[in-house]
Amino acid sequence: MEEKNDDGRIRSLDGLRGVAALAVVAYHYTGGALHRLLPGGQSVTLFFILSGLVLSIVPLRVGTGSYDWPRYQLRRVVRLAVPTCTAVGLCCAVSTIAMRAGWEAPEYAAAFATSAPSAWLHGLLTQLDMLSMTTAGSRVDGSVLAMVDLPSWSMCWELLFSLALPVYVLVARDIRIVAPAVLACVLASEWAQWPPLRHMAVFALGVALAGRLMDRGRETIRNAVAIPAALCGVVLVCQSGLGVLPGIAAQPLVVCGCLLLVVVALGDDAVSRLLSTAPFHWLGRVSFSLYLTHLPVRDWIVPHIPVRGALRPVLLVALCLLAAEAFHLLVERPATMLSRKLGR
């Protein structure tokens, strides 16, 4: 039986997204060998595959010719832009206040320590220029931007994919063709050192999985296969952090690992049932907010926490989750409601 939430989304996929968001938090909150093992940047690939999958289900079910594409695109732009712009705007405002109060942040000083309103506004608009990002602050013109909310860079590619979804659902339907083509693009991306090719290619894997879901429904996977497959996926995703393999070999393996995790979560098995439970469902519900807010919590709140020892990481995670829930209730959920009203 398919387990879905109130929006018709498959709960296990939301749970997987929540786990990936928590992995990004852990990646940014640790150091040393543990930091290298945790899938921080690799989780973005998983997010992109999941977006390709969940956004394609409805148009494939309705039919690409009958689907209301302008309505969908308006809703999607509002759904992404309002939380992202709010998070970045809050970060800029808090950075300005903090630096004027004596906080030292040379990378932000030029934009946010100035008293000139025009310079401050230019700095804010530069931070919001998501369409110029390639990856983690690197821009298409080769320059590097010190981002006040680093995770917002990936929203560039989410937005571009969302607008290009009609093309994807027309050309990326067969996983047997899409998977080799995507891996070829990932190899070419690593060889040319051009991340945009990899970012836009991996969305197609999710679209192809959605096409397979429409054709066959959710397939039952024996637990004896699903659990080892999920563990194998985790190993493939995490191996790139160790630096044992060159990027041209490691990155395709990361994509394979992410794809394997999504396939297991999409099936009917013990792993997908675990990801569908209430704690993982809640984590998936706040995952977008958690992704956008965890670094500001780390940079502005964590340094002032006097707690040390084993209790500290527990407190840090609790603060991140509380901030994510608050942002979800105050910003993300109203943005979702607004997008639905505008898209009527």
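The values are calculated or read from the model by the stated rules, or taken from the named source; none is laboratory data. Everything numeric here is computed off the predicted structure, so don't read it as measured data. Please note: Cβ atoms are built from the backbone with ideal geometry, for glycine as well, and neighbour counts cover all protein chains shown. Just so you know, the surface numbers come from the protein's heavy atoms only, side chains and all, with ligands and any DNA or RNA stripped out. Shrake-Rupley method; radii C 1.70, N 1.55, O 1.52, S 1.80 Å.
Region 17-103 holds helices (runs of 4 or more DSSP H) entirely within its bounds, and those carrying 2 or more residues that are in contact (Cβ under 8 Å) with a residue 40 or more places away in the chain and in contact with a Cys (Cβ under 7 Å, 6 or more places away or on another chain) map to 41-62. The one condition from (1) modelled with pLDDT of 80 or more; (2) over 26 Å from residue 217 (Cβ atoms); (3) out of contact with any Pro (no Cβ under 9 Å at 6 or more places or on another chain) that residue 90 does not meet is (3). Restricting attention to region 236-249, does a residue exist that is touching a helix residue (DSSP H, G or I) at 6+ places or on another chain (Cβ under 7 Å), over 30 Å from residue 87 (Cα atoms), open to solvent by less than 20 Å² (accessible area, probe 1.4 Å) and assigned to a helix (DSSP H, G or I)? Checked against the condition, which is being touching a helix residue (DSSP H, G or I) at 6+ places or on another chain (Cβ under 7 Å), over 30 Å from residue 87 (Cα atoms), open to solvent by less than 20 Å² (accessible area, probe 1.4 Å) and assigned to a helix (DSSP H, G or I), region 236-249 yields no hits at all. Could you grab the pairs with beta carbons closer than 8 Å, sequence gap of 6+ or different chains, first residue in region 286-309 and under 10 Å from residue 324 (Cα atoms), second one among the β-branched types (Val, Ile, Thr)? Here the result reads 289/331; 290/25; 291/24; 292/84; 294/24; 294/25, each pair linking region 286-309 to a residue that is among the β-branched types (Val, Ile, Thr).
Are there any pairs, at least 6 apart or on different chains, whose C-beta atoms fall under 8 Å, with the first in region 156-176 and closer than 13 Å to residue 49 by Cα and the second at pLDDT below 90 and among the β-branched types (Val, Ile, Thr), and if so, which? So the pair list comes out empty.
A residue that is closer than 23 Å to residue 42 by Cα and open to solvent by less than 30 Å² (accessible area, probe 1.4 Å) cannot be found anywhere in region 326-342.
Is one or more of the residues making up region 330-339 out of contact with any Gly (no Cβ under 6 Å at 6 or more places or on another chain) and over 25 Å from residue 53 (Cα atoms)? Spell out the reasoning first.
Kept after step one, since they are out of contact with any Gly (no Cβ under 6 Å at 6 or more places or on another chain), are these residues of region 330-339: 330-339.
Narrowing further to those that are over 25 Å from residue 53 (Cα atoms): 330.
Within region 330-339, one or more residues are out of contact with any Gly (no Cβ under 6 Å at 6 or more places or on another chain) and over 25 Å from residue 53 (Cα atoms).
Within region 264-276, at least one residue is without any contact (Cβ under 8 Å) to a residue 60 or more places away in the chain, crowded, with 22+ Cβ neighbours inside 10 Å, closer than 21 Å to residue 203 by Cβ and of a type in the set (A, V, I, L, M).
Looking at region 128-137 only, could you name the residues that are in contact with a helix residue (DSSP H, G or I) (Cβ under 8 Å, 6 or more places away or on another chain) and open to solvent by 10 Å² or more (accessible area, probe 1.4 Å)?
Step one: filter region 128-137 for residues in contact with a helix residue (DSSP H, G or I) (Cβ under 8 Å, 6 or more places away or on another chain), giving 128, 130-137.
Those that are in contact with a helix residue (DSSP H, G or I) (Cβ under 8 Å, 6 or more places away or on another chain) and open to solvent by 10 Å² or more (accessible area, probe 1.4 Å): 128, 130, 131, 132, 134, 135, 136.
Tell me, yes or no, whether region 200-220 has at least one residue that is under 13 Å from residue 262 (Cα atoms) and outside any helix (DSSP H, G or I). Yes: region 200-220 contains one or more residues that are under 13 Å from residue 262 (Cα atoms) and outside any helix (DSSP H, G or I).
Given the criteria part of a helix (DSSP H, G or I), touching a residue at least 60 places away in the same chain (Cβ under 8 Å), in contact with a Cys (Cβ under 9 Å, 6 or more places away or on another chain) and under 20 Å from residue 251 (Cα atoms), does residue 187 qualify?
Details: part of a helix (DSSP H, G or I): yes; touching a residue at least 60 places away in the same chain (Cβ under 8 Å): yes; in contact with a Cys (Cβ under 9 Å, 6 or more places away or on another chain): no; under 20 Å from residue 251 (Cα atoms): yes.
Answer is no for this residue.
Quick check on this structure: which one of 272, 339 is part of a helix (DSSP H, G or I) and touching a strand residue (DSSP E or B) at 6+ places or on another chain (Cβ under 9 Å)? Steps first, please.
Working: 339 fails: touching a strand residue (DSSP E or B) at 6+ places or on another chain (Cβ under 9 Å).
Answer to the selection: 272.
Say we look at region 285-308 and pick out the residues that are over 22 Å from residue 94 (Cα atoms), open to solvent by 10 Å² or more (accessible area, probe 1.4 Å) and touching a helix residue (DSSP H, G or I) at 6+ places or on another chain (Cβ under 8 Å); which of these is modelled with the lowest pLDDT? The residue in question is 307.
Among the residues of region 139-155, those identified as among the small types (Gly, Ala, Ser) and either in contact with an Asp or Glu (Cβ under 8 Å, 6 or more places away or on another chain) or touching a residue at least 24 places away in the same chain (Cβ under 8 Å) (or both) are 146, 152, 154.
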